[in-house]
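Notes for the one structure printed next.
The values are calculated or read from the model by the stated rules, or taken from the named source; none is laboratory data. These figures come from a predicted structure and were not determined experimentally. Positions of Cβ are generated from backbone atoms using ideal geometry, with glycine treated the same way; all protein chains shown enter the neighbour counts. The area values use the complete protein model at the heavy-atom level, side chains included, leaving out ligands, DNA and RNA. Shrake-Rupley method; radii C 1.70, N 1.55, O 1.52, S 1.80 Å.
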Amino acid sequence: MKKGSMLKAAIFCLVIFINPFYSCSSNRNSNSKDKSMDTTFCWEPLIASPRFYPMETKYARVGIGNSGNWVSVMEKFTGMGLGNADGTIDMSSVTEDGKLEVPSSIDVLWLSYTEKKFYRVKAQLPLYLQSKMLTMFRTGYRQTRPEEHLTYDGFVINMLPKGRVWLYLTGTGRSELVCDSLQGEEVQISLKDFDEEGYEYHKTLDAFCKGRLSDYPDAVVESLKRNGIPEHLWEQYKLRYSYNITYFFENEKTVLGTDYLYRFLTGEYFHRDDNVKHPTLPCVREIQCIWKVGTTEYDGFFFFDENEIIKKYAEAFGSTEKKGELVIHISKYNNKFDIFLRVDGKKYPLQKTMIHVFRDTPQKLKEDDEPFYNNHRDIYSGDIHYIGE
């Protein structure tokens, strides 16, 4: 596993998880500008669904504030992952300055290929949610490398099996789940009304869905055969716990870097940030971090096992409001790792975590091109996927 390949993989991950830029004013805020009275913002509506459960919309539109106006999502197809949208539109064609009020309602009609069912959600978003998003748009968030203050620029409608819908606000290097409780209704419409051209070619809904699924990677069909539709999996994904993520280095001269990434089961992710606090978090899925010992730098990648973290978090925290921490213990020579949850003084080891670490020395040693530590040489990091991601 060459370092060059890993860097490409890291870049690929960032491309996947960062919304594309669009024709609007910059999403960089000036710290000196007072945003507390702003009511319009530069954002775009987007759609998404889990990687292994792709969907297709007939239409998806978002109500804008109290204006009575709607803005439509131009993209029809999904399947990039939870909260991970593909496609973009020119928002300057919607308003003169490309700015919109906060989303106030949604209306989406879609087809779930894996279920062969149509669903619709037409809902007014509750006032508390609109207020929450208004605060998030106004406040934005901080990014440390480079040092910038950014704003959310995407409102993502994420469709799940059984007609469920999650809503996200996203921006460069950040994705936040803001609503996980919307439920659509199964609707009966003809394939011809949904997609006339598809009807002319396939004739039946079964054939249409099979044809659409063939456009996706083989892993989609393989996952469906192996796992079916795990109806309650996303209910487990969205569970949140009160915990911090802490690091302990046996070498006291170690300095933890400021540039690291956290990804969670819900598809949420963020880089290190001292502005927005998170009282609760879902189960962690991946951590990328850097630490230094003198002039030597270590780049660590931690990929947590799906079944293990769901089970261990539930076991450690139970159903009560317990507080705890996820501890990453790194040995003196940076080649041994002890990872565990600690709740009420008890340790719950996470022993299936897949880890690789690169080392960069000032001498640029030849061996620096290879992983300094790697406990999963049998699987490429880019091939580590979760069932409901």
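Just a few scattered comments:
- Positions within segment 337-389 being closer than 11 Å to Phe303 by Cβ and exposed (fewer than 12 other Cβ atoms within 10 Å of the Cβ), in sequence order: Ile379, Asp383
- Tallying residues that are open to solvent by less than 60 Å² (accessible area, probe 1.4 Å), within 19 Å of the chain's Cα centre (by Cα) and among the hydrophobic types (A, V, I, L, M, F, W, C) within segment 227-243 yields 2.
- Near pairs, Cβ below 6 angstrom, 6+ apart or cross-chain, from segment 351-372 (under 20 Å from Ile287 (Cα atoms)) to any residue that is of a type in the set (Ser, Thr, Tyr): Val357/Tyr298; Val357/Tyr373; Arg359/Tyr298
- Within segment 289-303, the presence of a residue that is open to solvent by less than 40 Å² (accessible area, probe 1.4 Å) and basic (Lys, Arg) is excluded.
- Selection from segment 44-89 of residues that are closer than 16 Å to Glu115 by Cα and of a type in the set (S, T, N, Q): Ser49, Thr57, Thr78
- Check on Arg174, among the basic types (Lys, Arg) and open to solvent by 20 Å² or more (accessible area, probe 1.4 Å): no
- Lys238 vs. criteria within 27 Å of Leu261 (Cα to Cα) and of a type in the set (Lys, Arg): yes
- Cross-chain or 6+ apart pairs with Cβ under 9 Å, segment 104-117 first and closer than 14 Å to Met74 by Cα, then buried (at least 17 other Cβ atoms within 10 Å of the Cβ) and of a type in the set (Ser, Thr, Tyr): Val108/Thr57; Val108/Tyr119; Leu109/Thr57; Leu109/Tyr119; Trp110/Ser49; Trp110/Thr57; Trp110/Thr78; Trp110/Tyr119
- Selection count, segment 150-168, where residues are in a strand (DSSP E or B) and closer than 17 Å to Met80 by Cβ: 10
- Residue match in segment 180-199 (condition: at pLDDT below 95, closer than 30 Å to Ile287 by Cα, open to solvent by less than 40 Å² (accessible area, probe 1.4 Å) and outside any strand (DSSP E or B)): no
- Segment 161-171, subset of a type in the set (A, V, I, L, M) and under 22 Å from Leu261 (Cα atoms), residue surrounded by the most Cβ atoms within 10 Å (Cβ to Cβ): Leu169
- Phe248 vs. criteria over 15 Å from Val284 (Cα atoms), assigned to a strand (DSSP E or B), of a type in the set (Phe, Trp, Tyr) and modelled with pLDDT of 95 or more: yes
- The residue of segment 319-336 that is nearest to the chain's Cα centre (by Cα), among those that are closer than 24 Å to Pro279 by Cβ and open to solvent by 40 Å² or more (accessible area, probe 1.4 Å), is Glu325.
- Leu224 meets the stated requirement of being surrounded by fewer than 18 Cβ atoms within 10 Å (Cβ to Cβ), outside any loop (DSSP other than H, G, I, E, B), more than 17 Å from the chain's Cα centre (by Cα) and in contact (Cβ under 8 Å) with a residue 12 or more places away in the chain.
- Any chance Phe155 is in contact with a Pro (Cβ under 6 Å, 6 or more places away or on another chain), crowded, with 18+ Cβ neighbours inside 10 Å and at pLDDT 95 or above: yes
- Among residues of segment 99-150, those that are open to solvent by less than 20 Å² (accessible area, probe 1.4 Å) and closer than 30 Å to Asp259 by Cβ, counted: 5
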